[in-house]
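Novice: Quick one: structure below, then a few questions.
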Amino acid sequence: MTALGRIDQLLDAPLVAALDRLDITSRRPLQGTRKGERRSRRRGQGMEFADFRPYAPGDDLRFVDWNIYGRIERLFLRIFLEEEDLSLVVAVDESASMGFGTPSKFDVARRIAMALGYVGLVNQHRVTLAGLRGDRAERLEGLRGRRKASEAANWLLGREPGGALDFAAAVRDMASSRQGRGIAVIASDFLCDQGLDAGLQALRVRGWDTFVLQVLAPEDLSPGAHGIVGDLRLVDSELSTEVEVTVSEALLRDHRRRLEAHNANLRDLCTRLGARHLAIDTTADLPRLMMESLRRGGLLR
């Protein structure tokens, strides 16, 4: 079950200090709708110097080159390469299976979503958080700037896992969002047999640069080592169906083989569709994950 109840449990001070040095990066050229932190070839008020032009009434005095004024007593503005904003959507699987594990996969996914959202906010990107539930993507949209971090955190803290997920339908709903092209990150256990291809394909055809973060608990990987042995009645957390089984060593080996095959198929699917895949253990150290794994994976820089 979920254990997060406070903002500092989502994002503590040491992690904030580390995240302040990072930014989101994309492999694809992106066209934003407002000035942000993505460099374009248009001239405007970005960060890379391009040229000078004479000052005109109403221009921002912050961009006046006072050294030139001191030499020739004429006002000139520094102009820069304009930068375009990046649209970042971070989606968390809210199906019941995400409540499994200690810590739960859902809590870990929410912490990752908050960390990535924070990086996007402090770098002035457009950030949307989404919860994939049923056949819909419930969104918190239009976030920009550090001051929106508490709003994002409170929204995530208010979410709970439950029910089943129609992955293809929910991701299509997310992909159709009028946020422009950008980066889509999905944090899920991806333990479903249907809809993965169609859902990820929907992101691809709409031009999203997609990251698949597969969050798995040790209980998923090695159930026998966590007390799931012997004669048991298992209940499907999403469909509420029951089955009586004897969890033997042979059954555990079969489970491991099937899980490895499923994960390999997911990785192959991501490769085929141009998405990037990263497997995440819920016991992983989050600062190290952000500073090392996600940087190596090309999501952060």
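FYI, it's all coordinate maths here, none of it is from the lab. Not measured: the values here are computed from a predicted model. Cβ sites come from the backbone with ideal geometry, for glycine too, and all protein chains shown count toward neighbours.
Novice: Counting Lys and Arg as +1 and Asp and Glu as -1, what is the net charge of the other residues whose Cβ lies under 11 Å from the Cβ of ALA198?
Specialist: 0
Novice: Note the full-extension length gain between GLN9 and GLU160 as 0.36 nm times their separation in residues minus their Cα-Cα distance, in nm to one decimal.
Specialist: Result: 52.8 nm gained on full extension.
Novice: Further, regarding this structure: Taking the highest mean first, how do the peptides 188-194, 143-149 order by number of other beta carbon atoms within 10 angstrom per residue? List each step's numbers first, then the result.
Specialist: Numbers: 188-194: 18.3, 143-149: 15.4.
Per-residue Cβ counts within 10 Å, averaged per peptide and sorted highest first, yield 188-194, 143-149.
Novice: Additional query: Can you tell me which of 169-177, 217-225 comes out highest on packing, and rank the rest after it, using the mean Cβ neighbours within 10 Å?
Specialist: Those peptides, ordered most packed to least, come out 169-177, 217-225.
Novice: For GLN124, enumerate residues with amide H under 5 Å from its amide H, sequence gap 5+ or separate chain, H modeled in the peptide plane.
Specialist: GLY145
Novice: Take every DSSP beta bridge whose two residues both sit in the chain, then give the antiparallel share in percent to the nearest 5.
Specialist: Roughly 50 percent of the DSSP beta bridges within the chain come out antiparallel.
Novice: What 222 nm value per residue comes from the helices of the chain, counting each DSSP H run with n ≥ 4 as -39,500 (n - 2.57) and dividing by all residues, nearest 500 deg cm²/dmol?
Specialist: -9000 deg cm²/dmol
Novice: Enumerate the calculated ³J(HN,Hα) couplings along the stretch 92-98 in order (Karplus 6.51 cos²θ - 1.76 cosθ + 1.60, θ = phi - 60°), each rounded to whole Hz, writing x wherever the residue is Gly or Pro.
Specialist: With coefficients 6.51, -1.76 and 1.60, one gets 10, 5, 10, 5, 4, 5, 6 Hz.
Novice: Quick test of the membrane-span-like rule: which DSSP H helices of the chain reach at least 15 Å along their long axis (C-alpha atoms) with mean Kyte hydropathy at least 0.0?
Specialist: The qualifying helices are 105-122.
Novice: While we're here: Take TYR55, TYR69, TYR118 and order them by how many other Cβ atoms sit within 10 Å, fewest up front.
Specialist: With the fewest neighbours first, TYR55, TYR69, TYR118 line up as TYR69, TYR55, TYR118.
Novice: What residue among ASN154, ASN67, ASN265 shows peak mean-square fluctuation when the chain is described by a Gaussian network model with Cα springs under 10 Å?
Specialist: Comparing ASN154, ASN67, ASN265 in a Gaussian network model of the chain, the most mobile one is ASN67.
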